[in-house]
1. Failed condition for GLN39, given (1) out of contact with any Leu (no Cβ under 6 Å at 6 or more places or on another chain); (2) closer than 30 Å to ALA219 by Cβ, with all others met?
2. Determine whether region 100-123 contains at least one residue that is closer than 14 Å to LYS73 by Cα, surrounded by fewer than 18 Cβ atoms within 10 Å (Cβ to Cβ) and among the acidic types (Asp, Glu).
3. State whether the residues of region 98-113 include one that is more than 30 Å from ILE23 (Cα to Cα) and not in a helix (DSSP H, G or I).
4. Within region 139-175, can you find the residues that are of a type in the set (D, E, K, R) and within 16 Å of the chain's Cα centre (by Cα)?
5. All but one of (1) surrounded by fewer than 22 Cβ atoms within 10 Å (Cβ to Cβ); (2) in a helix (DSSP H, G or I) hold for SER242; state the number of the condition that does not hold.
6. Could you tell me which numbered condition ALA57 fails, if it satisfies all but one of (1) of a type in the set (A, V, I, L, M, F, W, C); (2) free of Cβ contacts under 8 Å to residues at least 40 places away in the same chain; (3) touching a helix residue (DSSP H, G or I) at 6+ places or on another chain (Cβ under 7 Å); (4) closer than 18 Å to ALA37 by Cα?
7. Is region 4-26 home to any residue that is of a type in the set (Lys, Arg), over 20 Å from MET185 (Cα atoms), in contact with a Phe, Trp or Tyr (Cβ under 9 Å, 6 or more places away or on another chain) and part of a helix (DSSP H, G or I)?
Amino acid sequence: MSKPRVGAQLYTIRQFTKTLEDIATSMKKIKEIGYNAVQVSAFGPVDPHKVKEIMDAEGLTICATHIGYDRLKNDLQGVIEQHKLWNCKYVGLGAMPHEYAKSAEGYVKFAKEASEIARVLADNGLRFIYHNHNFEFMKFDGVTGLEILLNETDPEVFDFEIDTYWVQAGGANPVDWIKKVRGRMKVVHFKDMGVDSNRQQMMTEVGEGNLNWPDIINACVEIGVEWALVEQDVCQRDPFESLAISLNNLKKLGLNP
């Protein structure tokens, strides 16, 4: 069984990707750190063709994205064309709109809507991936929101992008959830959890917190994950330095870009 390749989720450096000039400078840094693939997320309003030129110049693969739900509903053809331009298969949604997450009925409604979008993407050679936070672990009559999504979405076209930190923050086990979405996840978010001096949960570089990385990695290998994307929403140091620390720690654990 092959191991997932490590990439950088660019939401981590979102304050450095607002203009084409910033993106060009930042992608050079990402490549110098040692990454060969990125997930495009939280870019400013920039020309996709120019983004492709920057990525090609640095030898970076766009392996996945995060796209807003409004755009998925209202500009799906544009989304498809952009992903084909970038040769990017995985179309990610960072979170469902909050109005859907208030009830079990809302989750079911979203599941049906998103599955229809995912079907169109699949018909065009792309894959829809859903990224969780912790709010999906609220229970409705004993069933978590994420379980509703697992059960009510179309398994042929609706895939997942489990975020290890947010699963743990929701009170669940990342390893269990990676195995639950077997056959429906090729992209995972690697994010670690530690505790700060105020005894509060904090995001850390991968390998610097307390998640069980050997078991997480083994589960990802077991279910055939292709991309393990490093993300850190909040960094205690320069975010490029945080991405470097995570990559070095993952290399020690046997994964490579």
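The values are calculated or read from the model by the stated rules, or taken from the named source; none is laboratory data. Just so it is clear, the structure is predicted and the values come from calculations on it, not from any experiment. All Cβ positions, glycine included, derive from the backbone under ideal geometry; neighbour counts span all protein chains shown.
1. (1)
2. Yes, some residue in region 100-123 is closer than 14 Å to LYS73 by Cα, surrounded by fewer than 18 Cβ atoms within 10 Å (Cβ to Cβ) and among the acidic types (Asp, Glu).
3. Yes - at least one qualifying residue is present in region 98-113.
4. Our first condition is that a residue be of a type in the set (D, E, K, R); within region 139-175, this holds for 139, 141, 147, 152, 154, 156, 159, 161, 163.
Passing the criteria: ASP159, GLU161, ASP163.
5. For SER242, the failing item is (1).
6. All conditions pass for ALA57, except number (3).
7. Pass one, region 4-26, residues of a type in the set (Lys, Arg): 5, 14, 18.
If we keep only those that are over 20 Å from MET185 (Cα atoms) too, we end up with 14, 18.
Keeping just the survivors that are in contact with a Phe, Trp or Tyr (Cβ under 9 Å, 6 or more places away or on another chain) gives 14, 18.
Retained after the next criterion (residues that are part of a helix (DSSP H, G or I)): 14.
Yes, some residue in region 4-26 is of a type in the set (Lys, Arg), over 20 Å from MET185 (Cα atoms), in contact with a Phe, Trp or Tyr (Cβ under 9 Å, 6 or more places away or on another chain) and part of a helix (DSSP H, G or I).
Conditions (1) more than 12 Å from ALA169 (Cβ to Cβ); (2) surrounded by fewer than 23 Cβ atoms within 10 Å (Cβ to Cβ); (3) not charged (D, E, K, R), marked per residue:
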site	(1), (2), (3)
LYS186	yes, yes, no
HIS189	yes, no, yes
ARG199	yes, yes, no
VAL206	yes, no, yes
GLY209	no, yes, yes
ASP215	yes, yes, no
GLY224	yes, yes, yes
